[in-house]
Amino acid sequence: MHNIKQQSRPSSAQNVIMTIKTARVPYVPEKDRYTITKLSDRFSLLELRFGFMDDQNVSRALARCRKEGFRFEIMSTSFYLGRRKLIADPQSGLPQWQDKLFIAMADSAIDPTEYFHLPANRVVELGEQVII
């Protein structure tokens, strides 16, 4: 789950909880790409749906939402992403070389900021360490 916190003016600050889902179909039509649910005056839920072959361009999807009337300024929006740091544990039961291989493969995964096409200067990453 990814969160968007919007701030334009203190009187119109809004919090948006954004969830990105990958459908079990190759492509999701643009008209079915998003759903916005207003939870209260300050909170909304935005669900973006992409097919597994779609380019998961969140910035483009948000621009489309804006054309449909969803108000926000992307350069005054903060995107909060979760990040996991994997740490090998010699007591885990797997050989150490397998732990190291798994961690190396996880470290080489694409950065979520790039994958979702988010403005890098608007992203805040929150991390945790996971022992494997």
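Since every read-out is calculated from the coordinates, none of them should be taken as a lab result. Keep in mind that this is a model prediction, so the values were computed, not measured. Cβ coordinates were reconstructed from backbone atoms using ideal geometry, including for glycine residues, and neighbour counts include every protein chain displayed.
In whole percent, what relative contact order does the stretch 2-132 give with Cα contacts below 8 Å and a gap of six or more residues? Walk me through the numbers before you get to the answer.
Numbers: 204 pairs, mean separation 33.9, N = 131.
Across the stretch 2-132, relative contact order equals 26 percent.
Report, as a whole number in µm² per second, the diffusion coefficient that Stokes-Einstein gives for the stretch 17-132 at 20 °C and 1.002 mPa s using the Kirkwood radius over alpha carbon pairs. All intermediate terms of the calculation are to be shown ahead of the outcome.
On the way: Rh = 16.6 Å.
Translational diffusion coefficient: 129 µm²/s.
Nothing charged except the Cβ atoms of Lys and Arg (+1) and of Asp and Glu (-1): what's the magnitude of the dipole of the chain about its Cα centre? Round to the nearest 20 debye.
Value, rounded to 20: 580 debye.
With the cut-off at 26 Å, tell me which of the pairs 21/100; 21/85; 38/67 have Cα atoms farther apart than that.
21/100
Using a 7 Å offset from Cα along Cα-Cβ at residue 17, what residues in the stretch 34-65 end up with backbone N under 17 Å from the label point?
What the label zone holds, given the 17 Å backbone N cut-off, is 35-49.
Of 121, 69, 108, which is farthest on the positive side of the dipole of the stretch 2-131, counting Cα position, with +1 on Lys and Arg Cβ, -1 on Asp and Glu Cβ, and the Cα centre as origin?
69
How would you order 51-63, 15-27, 117-129 from highest to lowest mean count of nearby Cβ atoms within 10 Å? Write down the numbers at each step before the final one.
Working: 51-63: 15.6, 15-27: 13.8, 117-129: 11.7.
Per-residue mean Cβ counts within 10 Å order the peptides as 51-63, 15-27, 117-129.
Take the Cα gyration tensor of the stretch 32-81, multiply each eigenvalue by 5, square-root it, and list the three semi-axes largest first, rounded to whole angstrom.
Over the Cα atoms of the stretch 32-81, the semi-axes work out to 19, 13, 11 Å.
For n ≥ 4 DSSP H runs only, could you compute -39500 (n - 2.57) per run for the chain, divide by its residues and tell me the 222 nm figure to the nearest 500? Can you show the working numbers first?
Numbers: 3 runs with 26 residues, N = 132.
Rounded to the nearest 500, it is -5500 deg cm²/dmol.
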